[in-house]
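> For reference, the structure I am asking about is given below.
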Amino acid sequence: MSMFSEAELAYLSERRLGRIATVGRDGTPHVVPVGWNLNQGLDAIEVSGINFANTKKFRDVQRSGRAAIVIDDIASVDPWHVRGVEIRGRAEALTQPQPMLRIHPDRVVSWGLQDRVVGRRNARTSKR
């Protein structure tokens, strides 16, 4: 069973930009915008890019094995309506078939996807 709801899967299928968070060796958070892909077969988020194996986020995940990503947008400003999905979990720094990070969700939180009430939250956790 997927960690993602049908509404989350529909939303994620329409987006390509997110912000990934990792933690540096000294404990400092590092957040950067990234392109990403949903691997439905593995129920995971994959992040890659140019010269990716040489990036701080790649090294952070190699060391810590953890990452989070937020994919969100503003659907409307009048009335105010924001939507998004936050995924936190175990992460792998892979080199094959190309350098990438693969985030396996332990926690998924979404908001604004099923109705226009800001603040609606949908949290699920897994002990994978």
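> Here are the criteria: (1) under 15 Å from the mean Cα position of the chain (by Cα); (2) farther than 17 Å from residue 92 by Cβ; (3) at pLDDT 95 or above. Tell me which single one residue 10 does not satisfy.
Here residue 10 meets the rest and fails (3).
> Hand me the list of strands (runs of 3 or more DSSP E) wholly inside the range 43-128 holding 1 or more residues that are modelled with pLDDT under 95 and over 16 Å from residue 3 (Cβ atoms).
Qualifying strands (runs of 3 or more DSSP E): 66-77, 80-94.
> Further, regarding this structure: Could you go through the range 24-32 and let me know if any residue there is aliphatic (A, V, I, L, M) and in contact (Cβ under 8 Å) with a residue 40 or more places away in the chain.
Looking through the range 24-32, none of the residues is aliphatic (A, V, I, L, M) and in contact (Cβ under 8 Å) with a residue 40 or more places away in the chain.
> Considering only residues that are charged (D, E, K, R) and touching a residue at least 24 places away in the same chain (Cβ under 8 Å), look in the range 2-23 and name the one that is surrounded by the most Cβ atoms within 10 Å (Cβ to Cβ).
Taking the candidates together, the pick is 8.
> Any idea which of 89, 65, 49 is farther than 19 Å from residue 24 by Cα and of a type in the set (Gly, Ala, Ser)?
Residue meeting the stated conditions: 49.
> What's the number of the only condition in (1) over 17 Å from residue 106 (Cβ atoms); (2) part of a helix (DSSP H, G or I); (3) of a type in the set (A, V, I, L, M, F, W, C) that residue 32 fails to meet?
(2)
The values are calculated or read from the model by the stated rules, or taken from the named source; none is laboratory data. Predicted, not measured: the structure shown is a model, and the values here were computed from it. Virtual Cβ from ideal backbone geometry, glycine too; neighbours counted across all protein chains shown.
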